[in-house]
Amino acid sequence: MSEFQFVEDIIKAGLPDAEVMVEDMTGTRDHLAITVVSDQFKGKLLIEQHQMLMNLLKEELKARIHAVKLQTYTKEKYEQTKR
């Protein structure tokens with residue numbers, strides 16, 4: 001179980017098909033880089049995708065998480081970035 005399993009669990013509860021990767025950006029465990037791959041982002045603007053995640057994480061942003069850097073992709077777009 002990863003140190004940030006709680007973040008993955010919250011996101012997957014809202015986006016069941018999501019692949020979630022979480023990294024600690026500063027070593028303080030409260031500045032996180034979060035990458036989410038989900039087909040539920042299809043047809044949505046980037047800001048809408050990020051709002052979806054911010055809404056899911058809003059309680060943690062009040063308590064345990066100070067800052068997030070978000071990257072969101074559909075599965076197709078994510079595969080294109082790996083080429």
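The count of lysine pairs in the chain with alpha-carbon distances below 27 Å, taking only pairs 8 or more places apart or on different chains, stands at 24.
Could you look at the chain and say what percent of its accessible area is carbon and sulfur, using a 1.4 Å probe and all protein chains? It would help to have the intermediate numbers written out before the result.
Working: 2590 of 5330 Å².
Answer for the chain: carbon and sulfur cover 49 percent of the accessible area.
Taking every DSSP beta bridge with both residues inside the chain, roughly what % is antiparallel (nearest 5)?
Numbers: 6 of 13 bridges.
So the antiparallel bridges in the chain amount to around 45 percent.
Average accessible surface for the chain: 64 Å² per residue, computed with a 1.4 Å probe over protein heavy atoms with every protein chain in place.
What is the dipole size for the chain, taken about its Cα centre, with +1 at each Lys and Arg Cβ and -1 at each Asp and Glu Cβ, in debye to the nearest 20?
Values: 12 positive and 14 negative charges, 55 e Å.
So the magnitude is around 260 debye.
How would 22, 36 line up by accessible area, probe 1.4 Å, largest first?
In descending accessible area the options line up as 22, 36.
In the chain, the calculated helix contribution to ellipticity at 222 nm averages -13000 deg cm²/dmol per residue, counting -39,500 (n - 2.57) for every DSSP H run with n ≥ 4.
Rounded to two decimals, what ratio of Rg to Rh does region 1-73 give with C-alpha atoms and a Kirkwood Rh? Please list the in-between numbers first.
Details: Rg = 11.5 Å, Rh = 12.3 Å.
Result: Rg/Rh = 0.94.
The values are calculated or read from the model by the stated rules, or taken from the named source; none is laboratory data. Model, not experiment: these values are computed from the prediction. All Cβ positions, even for glycine, are placed from backbone atoms using ideal geometry, and neighbour counts span all protein chains on display. Keep in mind that these areas ignore ligands, DNA and RNA; they rest on the heavy atoms of the full protein, side chains included. Shrake-Rupley method; radii C 1.70, N 1.55, O 1.52, S 1.80 Å.
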